Amino acid sequence: MSLEKIDKSNLPRHVAVIMDGNGRWAKKQGAMRIFGHHHGIKAVRETVEACGELGIQYLTLYTFSTENWNRPKLEVDGIMQLLVSTIAKEVPELHKSNVRLKTIGDTASLPAKARRELDNGMALTKDNTGLTLTLALSYSGKWDIIQATKHIAEKVKKSEISIDDIDEELFSRYLATEESPDVDLMIRTGGDHRISNYLLWQSAYSELLFIDDIFWPEFRKEHLFDSVYTYQLRERRFGKTGDQVKKETK
Ligand code: FPP
């Protein structure tokens, strides 16, 4: 896939990734599941670099879901340790590359060490103007919708918001993704075809791309470029007819 084929004027503004298949990839090598998560870091690095090279503005990675807390303690602890060491190691490079680091999710439930590394990384990179890299941690789409609803309800109770003010635009601002645009392209590796409680509201009109023959540790820049190219071949109609869309883009 050559980079020249990608139309830089029609990039997805927001790419979200469900990084699936680490455990199965490790099993294939006869190794423990955590081995797969470790190898997933290279795929994360390649994805961030590819987004940077293209000029994509927002990348949101499903790093640890609310449901992932139910995994064996050994695996959860391993992922948390990997998170701490990866953030500590990668943040200087991210900062150099003008990447802004953010998180979404119930991060209060993360180990203190992980919160500290993330807070330091976010503080250091907060004014960067390149790619916004958001890690979804202890995140689920339903959690997000409920936390936004509670927040809005509190404001209604205090008469800071009137019920009539609640519309899609206001609701979006209370979601954890705040000012990020809705997801244009959602990629999932590993062969399963589902959203798995990821960015439910934000993916209402996302193009879904399931990469079946790749486990996450195998994902490389070319896969991201291929995905963007495929996205550009699709016609996004947002509920309109194909003819209407063609007329608008003329
Ligand atoms: C899904 O594969 C992967 C996860 C639940 C964890 C993803 C975490 C990382 C890649 C490491 C940390 C990342 C950063 C950005 C610091 P799976 O375990 O569900 O695989 P399976 O479906 O084959 O079991």
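Ligands, DNA and RNA left out, the 1.4 Å accessible surface of region 109-250 is 51% carbon and sulfur atoms.
Anything over 30 Å Cα to Cα? Flag those among Lys5/Lys247; Lys73/Lys158; Lys102/Lys155; Lys126/Lys221; Lys27/Lys150; Lys42/Lys150, in the order listed.
Lys73/Lys158; Lys27/Lys150; Lys42/Lys150
Taking 0.36 nm per residue of separation and subtracting the current Cα-Cα distance, fully stretching the chain between Lys73 and Ile146 would add 23.6 nm. Quarter the surface of the alpha carbon convex hull of region 107-209 and you get the mean projected area, 8.6 square nanometres. With the convex hull of the Cα atoms taken as the outline of the chain, the averaged projected area works out to 15.4 nm². Note that the chain presents 54 Å² accessible area per residue, ligands and nucleic acids not counted, probe 1.4 Å. Over region 23-164, the fraction of Cα-Cα pairs per 10 Å bin, rounded to whole percents and listed from the shortest bin up, is 11, 35, 32, 16, 5, 1.
Solvent-accessible area of region 1-97 (1.4 angstrom probe, protein heavy atoms only): carbon and sulfur portion equals 54 percent. Applying 0.36 nm per residue to the separation of Ser97 and Asp127 and subtracting their alpha-carbon distance, the gain on full extension is 9.6 nm. In region 69-137, the C-alpha radius of gyration followed by the widest Cα-Cα span (Dmax) gives 12.4, 38 angstrom. Across bins of 5 angstrom width beginning at 0, how are the C-alpha pair distances of region 1-102 distributed, in whole percent? For region 1-102, the binned pair fractions read 2, 10, 19, 22, 18, 14, 9, 5, 1, 0 percent. Scanning the chain for GluC sites (Glu not before Pro) that sit in a DSSP loop and have at most 13 other Cβ atoms within 10 Å, the longest stretch containing none of them is 1-159. In this structure, Thr249 and Tyr205 have a Cβ-Cβ separation that, at R0 = 22 Å, corresponds to a calculated FRET efficiency of about 0.85.
The values are calculated or read from the model by the stated rules, or taken from the named source; none is laboratory data. Quick caveat: nothing in here was measured; it's all calculated off a predicted structure. FYI the Cβ positions are ideal-geometry reconstructions off the backbone, even for glycines, and counts take in every protein chain you see. Heavy atoms of the whole protein, side chains included, go into the accessibility calculation; ligands, DNA and RNA do not. Shrake-Rupley method; radii C 1.70, N 1.55, O 1.52, S 1.80 Å.
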